[in-house]
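Here the structure comes first, spelled out in structure tokens, and everything after it is commentary.
No lab work stands behind these numbers, since they all come straight from the coordinates. The model shown is predicted, which means the values in this text are computed figures rather than measured ones. We place every Cβ from the backbone using ideal geometry, glycine too, and count neighbours over all the protein chains shown.
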Amino acid sequence: MIVSLLIIIILTTINGFFAASEMALVSITPNQQYKLQQQGHRNAAILKQVTSDSTKYLSTIQVAITFAGFLSSAFAGTQFSGQITMWFSSVGINIPQQLVVVLITLILSYFILIFGELVPKRIALAKSTSFALFCAPIIRVVMLIFRPFVFVLSLSTTAVMKVLGMANKNGPATITESDVKEMIAYGHIKGLYPSEERLMLERIFQLDDLTASMIMTPRHDVTYLDLKNLSPKAIKQVLESRYSRIPVVDGGWDHLKGVILVKDIMVELEDQNLTEIELHPHIRNPLIINASITINVLFKQMKELSAHMAFVMRPNGSVKGIVTMEDIMEEIVGNIYDEHDVQANRETLDDLQTYIIEGTMIIDELNRRLGRKLFPKEDKDITIGSYLLTELGEKITEKPIPRVSFEHGYIDVLSMVDDNITQVRLIVQPKSIYSKPAEKKTKI
């Protein structure tokens with residue numbers, strides 16, 4: 001009796017080992033395997049080899065589990081059914097041996113389910129990495145032993161998958177941008193990082209949806225230096241603007257020359273007066289970009305060229321606006337303030353994002369690019385310019401044109417041609433908070 005129980009316990013343990021191995025090998029990700037190899041774990045290479053073909057190792061494990069379960073049931077039925085039937089007969093109870101076999105099978109199935117399936121799988125799920133490393137060499141040996149059975153099962157599985165039209169869908173699952181966003185949201189819910197970090201992670205995924213024209217500063221808002229007006233007053237005014245980089249033109253924005261770094265000029269102030277400094281040697285070549293370039297591509301170009309300012313050009317060759325490295329970083333981390341920013345601006349602009357939008361852009365396209373629905377459905381097929389003309393009415397003739405407020409922010413009209421709005425500034429709350437009711441509208 002004791003030997004028989006010991007054999008059943010061993011078979012149940014084997015069943016539990018393979019059940020746990022299945023859970024551990026399925027749970028471990030390619031990224032975890034790569035880290036294990038980089039860390040030099042001894043069985044990392046074996047683990048990669050075993051998991052390279054999911055059909056083979058899953059078939060091997062199923063063969064082992066089936067053999068262990070079949071043997072334990074058969075052994076228990078043959079060893080205990082007769083003895084239990086005789087014991088019931090000795091106390092005056094006649095029970096068919098077939099019924100005893102069924103009862104033994106049910107009892108044994110309960111213990112196998114607990115100790116051979118559920119508990120081992122819970123342990124393997126909690127320690128998936130360490131258990132996968134431990135079981136990988138054993139599974140590889142068993143795969144060699146059961147190769148004939150696994151070969152037949154693999155062929156059968158592949159044939160069934162072909163019948164179901166899923167023969168080419170047994171590779172590793174691809175991770176989409178939506179999956180990553182869901183993981184970011186789930187990590188925030190679980191307290192892995194605060195709201196600020198979640199907001200930055202979400203903003204990163206918007207970079208390929210934003211174009212240079214959407215975040216640029218229009219040229220009429222840019223402080224620049226004109227080589228045809230190098231009066232002491234003009235140069236002093238530029239230096240006192242406290243910008244570190246100044247665009248240089250020659251007679252207007254239609255003739256862009258480049259960028260000057262104020263610190264280059266400051267170095268020469270040790271030996272010369274401001275009016276004596278020759279500016280031409282300090283002009284750096286400008287980075288010219290198309291208005292439709294996406295921010296992620298622009299960011300890469302600016303890093304490679306060590307350029308902190310780019311010029312958005314119109315088709316006719318004139319400057320439309322500028323994009324700085326700070327503008328791009330603010331799309332990720334929010335508004336960045338330096339020591340010269342006015343405190344009032346910090347309070348009113350905090351947690352807001354600014355975009356420069358063409359007046360001809362359809363609202364539905366704007367919603368798509370920003371990844372949110374800023375305006376009602378009934379307005380989705382009209383341009384942002386038409387929307388503003390309707391909202392402003394007769395106020396469109398006022399100077400300056402009033403700001404238009406809507407549920408998630410504000411809109412400023414930047415330029416008009418005849419009676420058409422050609423460019424606007426959109427100021428909105430970040431995506432993670434824009435659905436919250438605004439406490440008040442602050443005029444900026």
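Kindly state, to the nearest 0.05, the FRET efficiency for residue 373 paired with residue 316, given R0 = 30 Å and r defined as their beta-carbon distance. E(calc), rounded to 0.05, equals 0.30.
Looking at the square roots a ≥ b ≥ c of the eigenvalues of the Cα gyration tensor of region 22-76, which shape do they give, rounded for a/c under 1.5, prolate if a/b is larger than b/c, or oblate? It is prolate, given that a/c is not under 1.5 and a/b is the larger ratio.
Projecting the Cα atoms of 150, 118, 104 onto the charge dipole of region 2-163, computed from C-beta unit charges around the Cα centre, puts 150 farthest toward the positive end.
In percent, how large is the relative contact order of region 2-163, given Cα pairs closer than 8 Å and 6 or more residues apart?
Numbers: 151 pairs, mean separation 71.4, N = 162.
In percent, rounded to a whole number, it is 44.
Taken along the Cα-to-beta-carbon direction at a fixed 7 Å, the label points for residue 236 and residue 119 span 8.8 nm. For residue 229 and residue 37, a Förster radius of 60 Å and the Cβ-Cβ distance give a FRET efficiency of 0.40, rounded to the nearest 0.05. With each label modelled as a point 7 angstrom along the Cα→C-beta vector, the residue 99-residue 406 pair spans 7.8 nm.
The share of alpha-carbon pairs in region 2-163 lying farther apart than 24 Å comes to 47%. As a proxy for reagent exposure, 397, 60, 66 were ordered by neighbouring Cβ count within 10 angstrom, fewest first; the result is 397, 66, 60.
Calculated FRET efficiency, residue 54 and residue 109, Cβ-Cβ r, R0 22 Å, to nearest 0.05?
Approximately 0.20, to the nearest 0.05.
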